[in-house]
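*Asks:* Starting off with a structure, shown below.
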Ligand code: ACM
């Protein structure tokens, strides 16, 4: 059993009782109409962890010491009430997602062994303290971005991350599927995107200034079936998957596969290969009709694989992320084709050309009932109504977007880039970016003070971004993401006071219990005392802190 005061993220309200519910061989599990999915999930994990049969019950209060799930439409989206008393445990959700979030809280209350896949003993993971918990999320968008382009994360790893996200009540996986260093999603009509674009011959080890190379080829991609499995698995956990197909920058892998997508009048794109190092890449898409039609073809398949109604409680699965960040304009300035396009469209400059490009896809997606979201560079040159912005270069883009009436997801690199070092010490593995400790993330505030209440309402929420240039495998991703994702989850879910008033000491105390959950889940987090010997990367160059920001 876990104490009521050890929940992460912290619930809104807890009233403790003075007994406990004990699950036994006779305990039943009843999932009422609308909560069958949550019931199915809860039954599966608790049968594994406890070894109990948890037979199907006939009503929410079927057996003393049982578990019931039901809907209470009086509660809001994703909200729930959990009552544990002498009758058993009753979880009522405002919707199916709320029942699922409540089921996650029940798992926490059962103790860390409830996160294991087989029972450790008869008395473990079987008791729940008597209590009434009322809970609801602060933000509707609570996300994690996984960059599976720089280093591929095999499908099993993505499913595992969806479970980890669900355990933290997160509800959006922003899936960064394409970049200069790899194209990770099968597109039937363009097979070379994965035949050529999904692997590279070698890889820079460490920061781009590092002299080291890994000469083992790196690659991998998700088949259409893999993607559908990922989306369905996420849906079972009430998580929306927002795919990112990055245009018009970060596109060298696509250009390596289809050289006509590049600025062929400026560079010999036929000689380009999938990029093997890191940084901002000059090889961007050529702004031609051929490129537009090509990416419409890509997006047609993407829309099919990521249906708008597939996932999540909040309509987030309508979104398609088109990147839009870090698109150097040098090739467009030098390209006759690009300059002719600017003239023909009567545009002011190359920024306006990117805006035209973004606007094309915003309209194209809107015609199909979908919404465009992109990194904050898409604001340059104007953005069509309905499009949303991921504010990454600080708060500024998000503030401008909210004031212009656009929805915003706050993910400033100064605060929630989890690839960045989490301590200033010399032992951090391949340290890059800003130093952002667990406490720094805990004190991150997604809504800037200068917004009016109406503008603040356009901040859908927040997400952490886990870029993968320096995280080559699951253990490295775990190290960077945890424990800081637990802090981000609390920022996104819980009703925390202003940053300076947040009780970090209490969060740390609750984290002591949470580390036991992460241990049971097999998460290779950064221990509070610093990296374990095998979590260090001696000799691999990061980015010194005394250089100019942003130290990436
Ligand atoms: C980004 O970090 N380039 C969005």
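*Asks:* Per-residue counts of other Cβ atoms within 10 Å, averaged by peptide: what ranking do you get for 373-379, 359-365, highest first?
*Replies:* In descending order of packing, they fall as 373-379, 359-365.
*Asks:* Here is a follow-up. Output the 0 to 90 degree angle, nearest 10, between the alpha-carbon long axis of helix 36-50 and the longest principal axis computed from the alpha carbons of the chain.
*Replies:* Roughly 70 degrees, rounded to the nearest 10.
*Asks:* Right, next: How many nm is it between the label spots at residue 349 and residue 5, if each spot is 7 Å from the Cα in line with the beta carbon?
*Replies:* About 5.8 nm separates the two model spin labels.
*Asks:* Turning to a different aspect of this structure: Tell me, how many Å apart are the Cα centres for segment 165-221 and for segment 341-374?
*Replies:* Value for the Cα centre distance between the two parts: 26 Å.
*Asks:* Can I ask one more? Under the classification rounded if a/c is under 1.5, otherwise prolate if a/b is larger than b/c and oblate if not, where does segment 57-203 fall, given a ≥ b ≥ c as square roots of the Cα gyration tensor eigenvalues?
*Replies:* prolate
*Asks:* How high is the relative contact order of segment 413-546, in percent, counting Cα pairs under 8 Å that sit 6 or more residues apart?
*Replies:* 37
*Asks:* Once you order the gyration tensor axes a ≥ b ≥ c over the Cα atoms, which shape class does segment 473-552 get: rounded for a/c under 1.5, otherwise prolate or oblate by comparing a/b with b/c? Numbers along the way, then the final one.
*Replies:* Values: a/c = 2.31, a/b = 1.29, b/c = 1.78.
Cα axes put segment 473-552 in the oblate bin.
*Asks:* Counting pairs of alpha carbon atoms under 8 Å apart in space and at least six apart in sequence, what relative contact order in percent does the chain give?
*Replies:* Numbers: 1301 pairs, mean separation 79.5, N = 552.
Relative CO of the chain lands at 14 percent.
*Asks:* Tell me, in nm to one decimal, what length is gained between residue 435 and residue 72 on full extension, where the rule is 0.36 nm per residue of separation less the Cα-Cα distance?
*Replies:* Residue separation times 0.36 nm, minus the Cα-Cα distance, leaves 126.3 nm.
*Asks:* Separation of segment 403-434 and segment 33-101 by C-alpha centroid, Å?
*Replies:* A separation of 37 Å, based on Cα centres.
*Asks:* Within 10 Å, count the other beta carbons around each residue, average over each peptide in 408-416, 381-389, and list them highest first.
*Replies:* Ranked by mean Cβ neighbours within 10 Å, highest first: 408-416, 381-389.
*Asks:* Could you give the angle, 0 to 90 degrees to the nearest 10, between helix 484-493's Cα long axis and the longest principal axis of the Cα atoms of the chain?
*Replies:* 80
*Asks:* Relative contact order of segment 61-102, please, whole-number percent, based on alpha carbon pairs below 8 angstrom and at least 6 residues apart.
*Replies:* 43
*Asks:* Tell me, 78, 300 in order of fewest to most beta-carbon neighbours within 10 Å?
*Replies:* 300, 78
*Asks:* May I ask you to compute the full-extension gain from residue 473 to residue 303, defined as 0.36 nm times their residue separation minus their alpha-carbon distance, rounded to one decimal in nm?
*Replies:* Values: separation 170, 0.36 × 170 = 61.20 nm, distance 2.88 nm.
Taking residue 473 through residue 303 to full extension adds about 58.3 nm, to one decimal.
*Asks:* Provide the FRET efficiency to the nearest 0.05 for the residue 56-residue 163 pair, computing r from the beta carbons and using R0 = 41 Å.
*Replies:* 0.95
*Asks:* Order these by the 10 Å Cβ neighbour count, fewest first: 478, 309, 276.
*Replies:* The order, fewest Cβ neighbours first, is 309, 276, 478.
*Asks:* Suppose we take every Cα in segment 213-298 and form the convex hull; what volume per residue is that in Å³?
*Replies:* 140
*Asks:* With the Cα gyration tensor of the chain giving a ≥ b ≥ c as the square roots of its eigenvalues, does the rule (a/c under 1.5 for rounded; else a/b larger than b/c for prolate; else oblate) give rounded, prolate or oblate?
*Replies:* prolate
*Asks:* Would you mind pulling out the separation of the Cα centroids of segment 490-524 and segment 272-329, in Å?
*Replies:* Going from one Cα centre to the other spans 34 Å.
*Asks:* Sticking with this one: Per the helix-only calculation at 222 nm, which mean residue ellipticity applies to the chain, given -39500 (n - 2.57) for every DSSP H run of n ≥ 4 and division by its residues, nearest 500 deg cm²/dmol?
*Replies:* -9000 deg cm²/dmol
*Asks:* Now for a separate question. What does the highest-first list of 222-232, 279-289 look like by mean Cβ count within 10 Å?
*Replies:* With the highest mean Cβ count within 10 Å placed first, the list reads 279-289, 222-232.
Read the figures in this text as sums done on the coordinates, not as results from a lab. Note that the structure is a prediction, hence the values are computed from the model and not measured. As a convention, Cβ positions derive from the backbone with ideal geometry for all residues, glycine included, and neighbour counts pool all protein chains shown.
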